[in-house]
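Novice: Okay, handing you the structure first.
The numbers here are math on the coordinates, done by the rules we state, and not lab data. Just so it is clear, the model here is predicted, and its values are computed rather than measured. Here the Cβ positions follow ideal geometry from the backbone for every residue, glycine too, while neighbour counts run over all protein chains shown.
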Amino acid sequence: MPPQSPSSALDSGWFARTIERRPQNLMWEITDACNLRCLHCEAAAGKKEHDELSHDEAMDVCDQIVAMGWEQVNITGGEPLLRQDWAEIAARLTAGGVMVHLVTNGDLFRGDVVAQAKAAGVRTIAVSLDGLAETHDAIRVRPGGKKEPSSFAAATGALVAARAAGFKTVAITHVNRWNFPELPAMQKLLREREIDAWQIQLGVPLGRLRQIDEPYLLPVERLPEMEEFAAQLIEEHTQTGLPPAIAIMHSLGYYGKNEMTIRRGFDNKRRFFVGCVGGWRALGLTSDGRVKPCPAMPREFLVGDVRREPLAAIWDDQSRFAYQSAWDENKLEGNCRHCQYRCICRAGCTAMAYALTGSIYNNPYCIYGQAMAEGRVGKSE
Amino acid sequence: MTGYLESTVAQKIRDFLDDLDAAPPPTTSAREIEALLVSRVRARAGDPETRRLLRSLLANLAIVDPARLPAPACETVVPSALADELAALLAPPAPVSLKSKPRPTAALAAAAVLICGALAGGCQNANGKSENSPTYCSDNLTAENFDHRLRNLNKFSAAEIEGIETDFARKKGGDRETTIRRLCTLPEKDVVQFIKENFCTADVGIIHFEELIDSSADLTSTYRIAATRRFSHMRREARIHTIKNLCGKSATEIAAYVRQVVLGIPSIDSDHEPRPRHDGVDSAMRYKGVDF
C-alpha cells in the first residue's frame, strides 16, 4: 500500500492505512505438553491438552496454511518435539513452500530428531536460552524441581547440534532481573558457538510468570540500559558481521534514542516500531485449534476455532480483530495518552499492555513513556 | 504461591465482571471498565450475589500495593475513589430524587404568585417600602431583590450564586419577573429545589450533569458514562465550574468540553505530526526507505 502523507496519517487509522495486511508469520503451539516447567511460561504449559488437534486435523490445518500463503510458521508449544507427528507437520508445511522454524527448549533436540528436522525441511532451530547455566537452570526447571540433567546444557547442546547440521540457529532470551547482568556473557557464549542470531524479548506477565513469588520482571527504569546494550550489539554486528545478529521483539521498547537501530531485525532493514501486528501480519494457533491474533495474548483475544470454520474465514473477517480494526486513540491512558508516537506505537505490544494493566491502551513498559513521566521529554497534547 | 505481582484495579474489575458473566472485551479501556462496573453495580445493587462479589472486590481494592505493580504507571484508576463510590452504591437505597422527574418549569410558572412573603425573614428594607408588607416580595421585581433573596437563603456558595445570577440575567424580562413572583410564593423548604430546577448552574448534582451531557448526540454512551464517573469524583467547586461551562452551550460545545476538559482527552488537530525527538525516527516516519 502506498504510504500516506504523515500529516494526514497520524490518527487512529494510521496503522490500518499504512501497514499492508498479509499472512506473514503464524505461530502454532502444536502441543501444550512440556518436559520443563519454566517459571516464566506465559502458557503455563506442562500437561498435554486433552483435546489437541488430531493428526488428520493438523494435516488439514497445514494445507489451509499453505493455501492461504503464509510465509512462515513457527512451530512451538509447550515443547513441540513431544508431539509425535511434529516432523510430519513441518514437512507438510515446507512441502507447500512455507518457511518453518522450530522453537524448542532443546532438551530433545539430538540424534534422530536432528535428522528428522533436516528431512522435514525445517529452516531454523530456535532454542530458549535464559541466562548462563545457573540462572537458566533456575528458570527452566524440570517437573518436581529436579536439577539434573541441566536444561542449560541441553539448550546449548541443541544449538551446537543444529549449527553443525546446517540449520539457521537462534537463541531466544526472555530478559528479566535475574539474567540482565549476564547478557554480555551470554553474547560472548553465543559468539563462541557461532550461533547465527539472538532474539531478545521481555516476558509477558501471564500464566506462570504471574505466579512467581519474587521480583522477576526487568524494572522499567532499566529499559534504556537494555536498549543501549542491544543497539551496541547491533552496531557491532553490522560493522563486523560477527554472530550473533540481534532481533529485538515487540515487547521491548519504545522510541528510545536507539529506536531505529534496535528495529533493524535479522535482515538489517530500516524500521521503526509500528505497534502490534497480531491479526495483521501474525496469527497464533493453539494446540486445540483456537486462533488468537498473537500467541502471547490471553484467551480473551480468541477470534475463532479451526474446528468450526476454515482458518481463512477467521483471518478474512477483520471485525474479529477489533483491537486493530477499531483501535481508538481517544481511549489511550497513562503515559501513552500524551505520547507523540501514540498513533504509531499504539501502546506497544498489545499482549504486554494488557497483561500489565488490564487495558490495551496503556503500556507502562516504555522507554519514551518513562522519559515523559520523568520530564526528560515533553508530552504531546 | 500467590505471586509477587499485584493486579491493577482494571484487572480486578475484569475478574469481578467475569464472575458476573459480564466480562468486557479486551478492547475496553480501564476508564471504560470502571464506568461499566459502576453502571453494572448501580443496575444490580439489590442482587445478593452482586453485593457479595462487590464486597469481595472492595476488600481486594483495599489491599492494593502499588510497589508490587510491574511499574507505577500501570495504574490509572484511583482505587480509594472507586471504593468510595462502590461503597455508596452498596448503601441502602436513597429516597427517589425529585430530580428524576421531568422539570416542571411551565407548570410552576403558570401556578405562580398565590402567596407572598413565604421567604420568612427575607423582606428587608430595600427601597423604602415596608418589608413586612405581604406584597413587598412579589412587588419588587428587580434583580437586586432576587439577589438579596438568593443570598439570604445561605444555601449556595458564592460561586454558585454568581452562576445563578448569570443565569437570571440571561432570562427575558417577563421570565425574570415570573421567577421572582414564584420565589415569593414558595415555602423556604421548596425554594432551593425551585432554584435548582430553574437555574442550570444551581444544580451540581450528578443527575443534572447527566441530563446536560445527554443532550449532546456527539458523545457516545461510553464517554457519557466515563464523564459522569469523573464528575462524581469532582469536588464541589470543580463541579460548579464544570456545570457553568455546560449550561447554555450547544451540543457540539458540550461534547468538546466533556471530551477535552472532563475526560482530559487531548484534541488532535488534523495537522498533528510528531515533533523531532530522535535522529532517524522522525525522518523515517516520512517513509524514506523504511521497510515495514
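Novice: Using modelled backbone amide H atoms (1.01 Å from N, in-plane), which distant-in-sequence or interchain residues come within less than 5 Å of A:VAL377's amide H?
Specialist: HN-HN under 5 Å from A:VAL377: A:MET372.
Novice: Provide, as a two-decimal number, the C-alpha radius of gyration of the stretch A:109-249 over 2.2 N^0.38 Å, N being how many residues it has.
Specialist: Working: Rg = 15.6 Å, N = 141, 2.2 N^0.38 = 14.4 Å.
Here the answer is 1.08, to two decimals.
Novice: Here is a further query. Just need the relative contact order of the stretch B:1-80 here, percent rounded to a whole number, with Cα pairs under 8 Å and 6+ apart. Don't skip to the answer; put the middle values down first.
Specialist: Working: 56 pairs, mean separation 37.7, N = 80.
Here the relative contact order equals 47 percent.
Novice: Moving to a separate point now. Find how many whole Å separate the alpha carbon centroid of the stretch A:299-363 from the alpha carbon centroid of the stretch A:81-122.
Specialist: Distance between centres, Cα-based: 31 Å.
Novice: So what J values fall out for the stretch A:93-101 if you push phi through Karplus, 6.51 cos²θ - 1.76 cosθ + 1.60 with θ = phi - 60°, rounded to Hz, Gly and Pro as x?
Specialist: Each residue's phi maps through the Karplus curve to give 6, 5, 4, x, x, 8, 7, 10, 10 Hz.
Novice: Which residue, A:GLU227, A:GLU235, A:GLU79, has the most motion in a Gaussian network model of chain A that connects Cα atoms within less than 10 Å?
Specialist: For chain A, modelled as a Gaussian network with Cα springs under 10 Å, the answer is A:GLU235.
Novice: What list of ³J(HN,Hα) values in whole Hz, one per residue of the stretch A:64-78 in order, does the Karplus curve 6.51 cos²θ - 1.76 cosθ + 1.60 (θ = phi - 60°) give from phi, with Gly and Pro shown as x?
Specialist: Those phi angles translate into 5, 4, 5, 4, 6, x, 4, 6, 8, 10, 9, 8, 9, x, x Hz.
Novice: Which of B:GLU49, A:GLU194 comes first, and how do the rest follow, when ranked by fewest Cβ neighbours within 10 Å?
Specialist: Values: B:GLU49 10, A:GLU194 14.
Listing B:GLU49, A:GLU194 from fewest to most nearby Cβ atoms yields B:GLU49, A:GLU194.
Novice: Using only the alpha-carbon atoms of the protein assembly as shown as identical scatterers, what base-10 log of I(q)/I(0) does the Debye formula give at q = 0.10 Å⁻¹?
Specialist: Log-scaled intensity ratios, in q order: -0.97.
Novice: Sorted from largest down, what three extents in whole angstroms do the Cα atoms of the stretch A:44-129 have along their principal axes?
Specialist: For the stretch A:44-129, the Cα spread along each principal axis is 32, 29, 21 Å.
Novice: Among the trypsin sites (Lys or Arg not before Pro) in the stretch A:122-199, which ones are in a DSSP loop with at most 13 other Cβ atoms within 10 Å of the Cβ? Mind listing them? Mind showing how you got there, number by number?
Specialist: Working: sites: A:ARG123, A:ARG140, A:LYS146, A:LYS147, A:ARG163, A:LYS168, A:ARG177, A:LYS188, A:ARG191, A:ARG193; in loops: A:ARG123, A:ARG140, A:LYS146, A:LYS147, A:ARG177, A:ARG193.
Of the trypsin sites (Lys or Arg not before Pro), the ones in loops of the stretch A:122-199 whose Cβ has at most 13 other Cβ atoms within 10 Å are A:LYS146, A:LYS147, A:ARG177.
Novice: Of all DSSP beta bridges located in the protein assembly as shown, what percent are antiparallel, nearest 5? Don't skip to the answer; put the middle values down first.
Specialist: Details: 4 of 38 bridges.
Approximately 10 percent, going by the DSSP bridge assignments.
Novice: Let me ask another. Which of these, A:VAL122, A:VAL170, A:VAL113, has the largest mean-square fluctuation under a Gaussian network model of chain A (Cα springs below 10 Å)?
Specialist: A:VAL113
Novice: Continuing with this model, one more query. Take the eigenvalues of the Cα gyration tensor for the stretch A:188-287, scale each by 5, and report the square roots as semi-axes in whole Å, largest first.
Specialist: Numbers: eigenvalues 113, 63, 50 Å².
Over the Cα atoms of the stretch A:188-287, the ellipsoid semi-axes are 24, 18, 16 Å.
Novice: While we're looking at this one, here's another question. With the crude spin-label approximation of a point 7 Å out along Cα→Cβ, what separation in nm comes out for A:ALA313 versus B:ALA81?
Specialist: 4.7
Novice: Convex hull volume of the Cα atoms in chain A, per residue, in Å³? Display every interim value, and only then the final one.
Specialist: Details: hull volume 51.8 nm³, N = 381.
Dividing the Cα hull volume of chain A by its residues yields 136 Å³.
Novice: Name the shape class, rounded, prolate or oblate, that the alpha-carbon gyration tensor gives for the stretch A:258-345, where a ≥ b ≥ c are the square roots of its eigenvalues, rounded holds for a/c under 1.5, and otherwise prolate holds if a/b is larger than b/c and oblate otherwise.
Specialist: Details: a/c = 2.54, a/b = 1.52, b/c = 1.67.
The shape class here is oblate.
Novice: Pulled fully out, how much extra length does the chain show between A:ARG110 and A:GLN24, if you take 0.36 nm times their separation in residues and subtract their Cα-Cα distance? All intermediate terms of the calculation are to be shown ahead of the outcome.
Specialist: Details: separation 86, 0.36 × 86 = 30.96 nm, distance 2.94 nm.
Once the chain is fully extended between A:ARG110 and A:GLN24, it gains 28.0 nm.
Novice: Next question, about the same structure. To make sure I understand, if each residue's beta carbon is the centre and we count other beta carbons within 10 Å, what order do A:MET372, B:MET234 fall in, fewest to most? Present the calculation step by step, with values, prior to reporting the outcome.
Specialist: Working: A:MET372 21, B:MET234 17.
Neighbour counts put them in this order, fewest first: B:MET234, A:MET372.
Novice: What residues have an amide H closer than 5 Å to that of A:LEU202, excluding those fewer than 5 places away on the same chain, when H is modeled at 1.01 Å from N in the peptide plane?
Specialist: A:VAL175, A:SER251, A:LEU252
Novice: Spelling out what I want: for every residue of the stretch A:203-209, take phi, set θ = phi - 60°, compute 6.51 cos²θ - 1.76 cosθ + 1.60 (Karplus), and round to whole Hz; glycine and proline get x.
Specialist: Values, residue by residue: x, 8, x, 10, x, 6, 4 Hz.
Novice: Oh, and also: Let me have the relative contact order for the stretch A:226-285, percent, based on Cα pairs under 8 Å that are six or more residues apart. Mind showing how you got there, number by number?
Specialist: Working: 53 pairs, mean separation 17.3, N = 60.
Reported relative contact order: 29 percent.
Novice: Of B:LYS172/B:LYS249; A:LYS269/A:LYS292; B:LYS155/B:LYS196; A:LYS47/A:LYS118, which ones are farther than 20 Å apart at the Cα?
Specialist: Working: B:LYS172/B:LYS249 18 Å; A:LYS269/A:LYS292 28 Å; B:LYS155/B:LYS196 11 Å; A:LYS47/A:LYS118 27 Å.
A:LYS269/A:LYS292; A:LYS47/A:LYS118, as the Cα separations exceed 20 Å there.
Novice: Shifting gears a bit: Just need the relative contact order of the stretch B:133-228 here, percent rounded to a whole number, with Cα pairs under 8 Å and 6+ apart.
Specialist: Values: 48 pairs, mean separation 26.7, N = 96.
Relative CO of the stretch B:133-228 lands at 28 percent.
Novice: Amide H to amide H, which residues 5 or more places from A:ASN363 or on other chains are under 5 Å from it, using H placed in the peptide plane?
Specialist: The answer is A:CYS336.
Novice: Still on this structure, I have one more. Among A:SER359, A:SER287, A:SER151, which one moves the most in a GNM of chain A with springs linking Cα atoms closer than 10 Å?
Specialist: Its mean-square fluctuation being the largest, the pick is A:SER359.
Novice: Within 10 Å of each residue's Cβ, count the other Cβ atoms and sort B:THR178, B:THR185, A:THR357 from fewest upward.
Specialist: By the 10 Å Cβ count, ascending, the order reads B:THR178, B:THR185, A:THR357.
Novice: If you bin every alpha carbon distance in the stretch B:148-270 into 5 Å steps from zero, what whole percent lands in each bin?
Specialist: Reading upward from the zero bin: 2, 11, 20, 21, 17, 12, 9, 5, 2, 1, 0, 0.
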